[in-house]
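Notes to accompany the following structure.
The values are calculated or read from the model by the stated rules, or taken from the named source; none is laboratory data. Every value quoted in this text rests on a predicted model; they were computed, and no experiment measured them. Neighbour counts run over all protein chains shown; Cβ positions are idealised from the backbone, glycine included. Protein only, heavy atoms only, side chains kept; ligands, DNA and RNA dropped before computing areas. Shrake-Rupley method; radii C 1.70, N 1.55, O 1.52, S 1.80 Å.
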Amino acid sequence: MEVFNQIEPIQEYLRTQRLMQKSIGLVPTMGALHQGHLSLLGACKRDNDISVCSIFVNPTQFNNPEDLKLYPRHWDKDLSILEQEGCDAVFLPGEEEMYRENPRMSLHFGMLEEVMEGKFRPGHFNGVGLVVSKLFHILSPDKAYFGQKDLQQFAIIRQLVTDMSFQIELICEPIVREADGLAMSSRNMRLNPEERQTATALYASLKRGASALLAGDDPGKIKIDNMQWLEKQGVVPEYFEIVDSETLKPVMNHFEKKLVALCVAGNVGPVRLIDNILIEKE
Ligand code: AMP
């Protein structure tokens, strides 16, 4: 496995691979790798000749400096996992390499960023859009792999690819969960045992919400009910939304027939967690 900290050497490496007609897949991550990331890498390896994983804790997408400071970083462990999993190349740039200057441009995604994560994390999707654009420009993969775990992020990146005419196919992989249902996340390792137990309420609330929706309950009522239920379980909920999975527009009544996403965010102790599920309504 080749590890690159700088832009030019990895571009040279990828140029050589392309000359040999190799297809290139990219898995962008912020490290502290878990099975969720590895499922993306598995899909990438299945579809491409060369799999590249990037590891970069992107400062411009953190609206909370404490969250950025405490974000887990263990590059050595990540690199040995990636080597074991058969990743071909890793792009692990420093901050100065990715941001030679403070960026002056900013990206806006209209309706897509006015709800949920965009509403509660101002500037977050500008940072995501910037870093993903940089990675796409630098690495020019044929395909790029993202997780449904960050459903709104995927909608934003799909818009980015359309608006900027990136010739890159996007693939969204399902959420990998712990045995008790908690969505895997690098942030889970910051939970103490009691908080770890409380965190299972997030997925439980999504399942409650999904059954209520399928039973015909009113989406507005389901949202309020689950916000209250989460509080009782010890979570400090930020939002519980029921939205169209692509446009992210709120679903107003249970007669609408489409793929619906239930999305939740909340704080468990000092850690902010998100989760979602998709349901096909009859
Ligand atoms: P992160 O390192 O948290 O920025 O995540 C990198 C990529 O892995 C993103 O596309 C995430 O959506 C995806 N991802 C994170 N957690 C999971 C999970 N539990 N299952 C599937 N994909 C995930």
Please count how many residues of region 134-165 are outside any strand (DSSP E or B), in contact (Cβ under 8 Å) with a residue 24 or more places away in the chain and closer than 20 Å to Ala89 by Cβ.
8
Is there a residue in region 101-116 that is within 12 Å of the ligand (Cβ to nearest atom) and either aromatic (Phe, Trp, Tyr) or open to solvent by 40 Å² or more (accessible area, probe 1.4 Å) (or both)?
no
Candidates Gly220, Gly209, Gly234, filtered to the one that is over 26 Å from Met111 (Cβ atoms) and of a type outside the set (S, T, N, Q)
Gly234
One residue is enough: does region 48-58 have a residue meeting the conditions more than 24 Å from Asp142 (Cβ to Cβ), hydrophobic (A, V, I, L, M, F, W, C), out of contact with any His (no Cβ under 9 Å at 6 or more places or on another chain) and at pLDDT 95 or above?
yes
With the requirement that a residue be at negative phi and either small (Gly, Ala, Ser) or more than 10 Å from the ligand (Cβ to nearest atom) (or both), what does region 133-151 give you?
Ser133, Lys134, Leu135, Phe136, His137, Ile138, Leu139, Pro141, Asp142, Lys143, Ala144, Gly147
Looking at (1) at pLDDT 95 or above; (2) in contact with a strand residue (DSSP E or B) (Cβ under 7 Å, 6 or more places away or on another chain); (3) open to solvent by less than 40 Å² (accessible area, probe 1.4 Å); (4) closer than 29 Å to Tyr71 by Cβ, find the lone condition where Ile242 falls short.
(4)
Looking only at region 198-237, count how many residues are more than 16 Å from the ligand (Cβ to nearest atom) and assigned to a loop (DSSP other than H, G, I, E, B).
6
Looking at Pro28, Pro59, which is the one that is buried (at least 17 other Cβ atoms within 10 Å of the Cβ) and in contact (Cβ under 8 Å) with a residue 24 or more places away in the chain?
Pro28
Members of region 39-55 that are more than 9 Å from the ligand (Cβ to nearest atom), open to solvent by less than 20 Å² (accessible area, probe 1.4 Å) and closer than 20 Å to Leu92 by Cβ
Leu41, Cys44, Asn48, Ile50, Ser51, Val52, Cys53, Ser54
Any hit, region 246-269, residues being modelled with pLDDT under 95, more than 27 Å from Phe109 (Cβ to Cβ) and surrounded by 13 or more Cβ atoms within 10 Å (Cβ to Cβ):
yes
Every residue from region 160-197 that is aliphatic (A, V, I, L, M) and either open to solvent by 60 Å² or more (accessible area, probe 1.4 Å) or more than 15 Å from the ligand (Cβ to nearest atom) (or both)
Met164, Ala179, Met189
Please verify whether Pro219 is open to solvent by less than 10 Å² (accessible area, probe 1.4 Å) and closer than 23 Å to Ala155 by Cα, treating the condition exactly as stated.
yes
Checking the condition within 20 Å of Met116 (Cα to Cα), open to solvent by 50 Å² or more (accessible area, probe 1.4 Å) and at pLDDT 95 or above, which residue from Lys207, Lys232 passes?
Lys207
Could we say that Asp78 is within 13 Å of the ligand (Cβ to nearest atom), on the phi < 0 side of the Ramachandran plot and of a type in the set (D, E, K, R) here?
yes
Pairing a residue in region 34-45 that is farther than 16 Å from Glu169 by Cα with any residue that is aliphatic (A, V, I, L, M), where Cβ atoms lie under 6 Å and the two sit 6 or more apart in sequence or on different chains, gives His34/Met184; Gln35/Val176; Gln35/Met184; Gly36/Val176; Gly36/Met184; Ser39/Val176
Out of Lys22, Lys77, I need the residue that is of a type in the set (Lys, Arg) and touching a strand residue (DSSP E or B) at 6+ places or on another chain (Cβ under 9 Å). Which one?
Lys22
Per the list (1) over 22 Å from the mean Cα position of the chain (by Cα); (2) basic (Lys, Arg); (3) not in a helix (DSSP H, G or I), residue check on Arg272 breaks on (1)
